[in-house]
1. Based on what the data block shows, is ALA130 at pLDDT 95 or above and under 16 Å from the mean Cα position of the chain (by Cα)?
2. Output the number of residues of the stretch 291-313 satisfying the condition of being over 13 Å from the mean Cα position of the chain (by Cα) and either among the hydrophobic types (A, V, I, L, M, F, W, C) or not in a helix (DSSP H, G or I) (or both).
3. I'd like to know if the stretch 143-160 contains one or more residues that are assigned to a helix (DSSP H, G or I) and either among the hydroxyl-bearing types (Ser, Thr, Tyr) or under 22 Å from VAL229 (Cβ atoms) (or both).
4. Identify the residue in the stretch 13-60 that is touching a Leu at 6+ places or on another chain (Cβ under 8 Å) and among the polar types (S, T, N, Q) and, among all such residues, is surrounded by the most Cβ atoms within 10 Å (Cβ to Cβ).
5. Of (1) of a type in the set (Phe, Trp, Tyr); (2) at pLDDT below 95; (3) under 20 Å from the mean Cα position of the chain (by Cα), PHE270 satisfies all except one. Which?
6. Which ones in the stretch 149-176 are hydrophobic (A, V, I, L, M, F, W, C) and either surrounded by fewer than 16 Cβ atoms within 10 Å (Cβ to Cβ) or touching a Cys at 6+ places or on another chain (Cβ under 9 Å) (or both)?
7. For the stretch 205-239, give me each residue that is outside any loop (DSSP other than H, G, I, E, B) and surrounded by fewer than 16 Cβ atoms within 10 Å (Cβ to Cβ).
8. Return only the number of the condition from (1) more than 30 Å from ALA205 (Cα to Cα); (2) in contact with a Leu (Cβ under 9 Å, 6 or more places away or on another chain) that ALA311 does not satisfy.
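The values are calculated or read from the model by the stated rules, or taken from the named source; none is laboratory data. Nothing here was measured: the structure is a model prediction, and the numbers come from that model. As a convention, Cβ positions derive from the backbone with ideal geometry for all residues, glycine included, and neighbour counts pool all protein chains shown.
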Amino acid sequence: MPEDNDQVTQRKADHIRINLENDVQSRARTGLERYRFVHEALPDLDMARIDTSVTLFGKVLAAPILISSMTGGTEQAQKINRNLAAAAQHMRLPMGLGSMRAAIVRPDSIASFHVRDVAPTAMIFANVGAVQLNYGITPDDCRRLVDLVEAEALILHLNPLQEATQPEGDTNWVGLAGRIAVVVRQVGVPVIVKEVGWGISERAARTLVEAGVAAIDVAGAGGTSWSQVEMYRAESDKQRRIAQAFDDWGIPTAEAITGVRRSAPGLPVFASGGIVNGVEGAKCLALGATLFGMARPLLRAATQSVEAVLAELEIAVGQLRVAMLCTGSANLEAMSHAELVRIA
């Protein structure tokens, strides 16, 4: 049965509250802990001249950090998104909005996604669940969402485990790759496909390449587990126990990066899923990622102020710059070739 407006709003509010108040960290590890950089004790570099810039979809970004999609559809989400967007504008970083399905079901909720007044030139990504293409959302709807927020790209997120453990989840995934391909052809902006915390397999990556997507965000295991979030929303002991069993599910972020890179050579790969600092982000770049995304470390800051978000992002960029110095990497091309040693 389709959700009504109040159910959508309550679900979004629940997600924010649970993430802030409960331990919903996956028991899986990102896999990044298995790697160490070979330290360069004599880097022939001036740290002040290290270049962290990267070009994505024809636009120059100041650093390879994506403010990952988090929320939308409620008054609190509006504050969070505006603080994140203002920080993205200041830092010249890209930002993904949270799922915008609420803006279709409840048009008055679109205000929670309007950030252009505080981020006039930042790269903003619209976002909707890919499975919704099997539940009535059309390529025209996707285009409308892009236009509503003046986005440079559209994220279609994949979350079968979350939907399967959600009381009101949508679980028909038949034929979805073909529907994604239609959106790619018709939406008019680059389409990014991402998972939400369990990783993209090599098989799925090949299918997405065939569909024509512009980038893949692996969103691997090791960060927030949305099945655990849904466990806290369970309406019965049966639902709770089903969700609870998946607390270590998924492809670790490091494995997802290398697998997608093999299956999608030349395609931008975004690395997210449990990345909490710039050193872990640097490892993702050395494993083949174009950008690394952060969400949970920024969420609490975004409930406070723009300044709190900026402080977290500036630390992450600072950590990345030190990692680049200590691997002898003058720019991100060099960083992509920095030597990693697998220790376990």
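1. Numbers: at pLDDT 95 or above: yes; under 16 Å from the mean Cα position of the chain (by Cα): yes.
So ALA130 fits the description; yes.
2. Within the stretch 291-313, the subset over 13 Å from the mean Cα position of the chain (by Cα) is 300-313.
Checking which are either among the hydrophobic types (A, V, I, L, M, F, W, C) or not in a helix (DSSP H, G or I) (or both) leaves us with 301-306, 308-311, 313.
The number of residues fulfilling the criteria is 11.
3. Our first condition is that a residue be assigned to a helix (DSSP H, G or I); within the stretch 143-160, this holds for 143-149, 160.
The next check asks that each one be either among the hydroxyl-bearing types (Ser, Thr, Tyr) or under 22 Å from VAL229 (Cβ atoms) (or both); those that pass are 160.
Scanning the stretch 143-160, I find at least one residue that is assigned to a helix (DSSP H, G or I) and either among the hydroxyl-bearing types (Ser, Thr, Tyr) or under 22 Å from VAL229 (Cβ atoms) (or both), so the answer is yes.
4. By that ranking, first place goes to ASN19.
5. (2)
6. Residues of the stretch 149-176 that are hydrophobic (A, V, I, L, M, F, W, C), as a first pass: 149, 151, 153-156, 158, 161, 164, 173-174, 176.
Those that are hydrophobic (A, V, I, L, M, F, W, C) and either surrounded by fewer than 16 Cβ atoms within 10 Å (Cβ to Cβ) or touching a Cys at 6+ places or on another chain (Cβ under 9 Å) (or both): LEU154, LEU156, TRP173, VAL174.
7. Narrowing the stretch 205-239 to residues outside any loop (DSSP other than H, G, I, E, B): 205-211, 215-217, 221, 224, 226-232, 237-239.
Residues satisfying the conditions are ARG206, GLU210, ASP237, LYS238.
8. Against the list (1) more than 30 Å from ALA205 (Cα to Cα); (2) in contact with a Leu (Cβ under 9 Å, 6 or more places away or on another chain), ALA311 comes up short only on (2).
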